[in-house]
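A.B. asks: Let me give you the structure first, and then I'll get to my questions.
The values are calculated or read from the model by the stated rules, or taken from the named source; none is laboratory data. Keep in mind it's a predicted model, so treat the numbers as computed, not measured. Here the Cβ is made from the backbone with ideal geometry for all residues, glycine too, and neighbour counts use every protein chain on show.
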Amino acid sequence: MFWQYFFFIIMAPGIMVHELAHAFFCIFFGVKIHRINLLRFDTVAGYVIHDEPRRFLPSFFISFGPLIINSALSIYLFSKIVWDYDFYVLIYLWLGIVLGLQAIPSTGDARALLNNANHNIWRNPLVIIFYPLVLVLYILNWLKYIKIDFIFVVVLFYLARKYFIGYF
């Protein structure tokens with residue numbers, strides 16, 4: 001039980017930024033938020049309950065918000081690492097890793113996006129183009145069982161070190 005609490009505390013910043021990313025895009029697109037829980041020790045570590053967006057694009061950004069924001073912040077933190085014996089290196093590395101690990105949207109996010117796509121298909125037939133993205137979310141969540149999120153963090157680290165050093 002101790003290790004579960006320890007892991008939960010270590011991952012807390014990533015979980016909170018994940019939920020704040022959903023909330024940010026809700027606010028950006030004017031979607032009413034009913035309840036936010038940034039962190040709780042349960043099977044669902046956090047959630048944002050909001051109205052269903054009327055259009056598909058806001059729903060897309062709300063669902064993919066953590067992938068966008070967590071990944072961008074992770075790349076930023078990884079690009080700030082200077083390999084000397086400074087304490088900030090460990091903080092940047094830890095935060096970059098936990099933000100990257102929590103970047104992949106959940107199956108609940110995929111389900112919300114699928115529901116919105118189904119509701120908007122008659123208003124905008126171009127929504128059918130985005131159905132494969134819903135499938136990608138489900139596949140990514142299935143691949144979390146084989147730790148694809150760790151591979152994703154390695155890719156983010158590589159991108160940050162290769163392309164973004166010195167830009168921030």
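A.B. asks: Filter segment 59-89 down to the residues that are of a type in the set (Val, Ile, Thr) and either crowded, with 19+ Cβ neighbours inside 10 Å or in contact with a Leu (Cβ under 9 Å, 6 or more places away or on another chain) (or both), then identify the one that is farthest from Ile121 (Cα to Cα).
C.D. replies: That would be Ile81.
A.B. asks: Between a residue in segment 120-142 that is farther than 16 Å from Gly108 by Cβ and any residue that is among the β-branched types (Val, Ile, Thr) and assigned to a helix (DSSP H, G or I), which pairs come within a Cβ distance under 7 Å, given they are 6 or more apart or on different chains?
C.D. replies: Asn120/Val127; Ile121/Val127; Ile121/Ile128
A.B. asks: When you go through Leu90, Leu99 one by one, which is the residue that is modelled with pLDDT of 95 or more and either assigned to a helix (DSSP H, G or I) or not hydroxyl-bearing (Ser, Thr, Tyr) (or both)?
C.D. replies: Leu99
A.B. asks: For segment 32-45, state whether one or more residues are modelled with pLDDT of 95 or more, under 18 Å from Ala112 (Cβ atoms), not in a strand (DSSP E or B) and not aromatic (Phe, Trp, Tyr).
C.D. replies: Taking every residue of segment 32-45 in turn, at least one turns out to be modelled with pLDDT of 95 or more, under 18 Å from Ala112 (Cβ atoms), not in a strand (DSSP E or B) and not aromatic (Phe, Trp, Tyr).
A.B. asks: Got at least one residue in segment 77-86 being hydroxyl-bearing (Ser, Thr, Tyr) and closer than 30 Å to Ile128 by Cβ?
C.D. replies: No: zero hits.
A.B. asks: Within segment 102-125, track down each residue that is farther than 15 Å from Ser59 by Cβ, touching a helix residue (DSSP H, G or I) at 6+ places or on another chain (Cβ under 9 Å) and outside any loop (DSSP other than H, G, I, E, B).
C.D. replies: Thr107
A.B. asks: Right, another one. Condition test on Ile104, is it loosely packed, with under 13 Cβ neighbours inside 10 Å and under 22 Å from Met11 (Cβ atoms)?
C.D. replies: No; evaluated as a whole, the condition is false for this residue.
A.B. asks: What are the residues in segment 1-45 that are of a type in the set (A, V, I, L, M, F, W, C) and exposed (fewer than 15 other Cβ atoms within 10 Å of the Cβ), if any?
C.D. replies: Met1, Phe2, Trp3, Phe6, Phe7, Ile9, Ile10, Ile27, Phe28, Ile33, Phe41, Val44
A.B. asks: Looking only at segment 118-137, decide whether some residue is closer than 25 Å to Phe8 by Cα and surrounded by 13 or more Cβ atoms within 10 Å (Cβ to Cβ).
C.D. replies: Within segment 118-137, one or more residues are closer than 25 Å to Phe8 by Cα and surrounded by 13 or more Cβ atoms within 10 Å (Cβ to Cβ).
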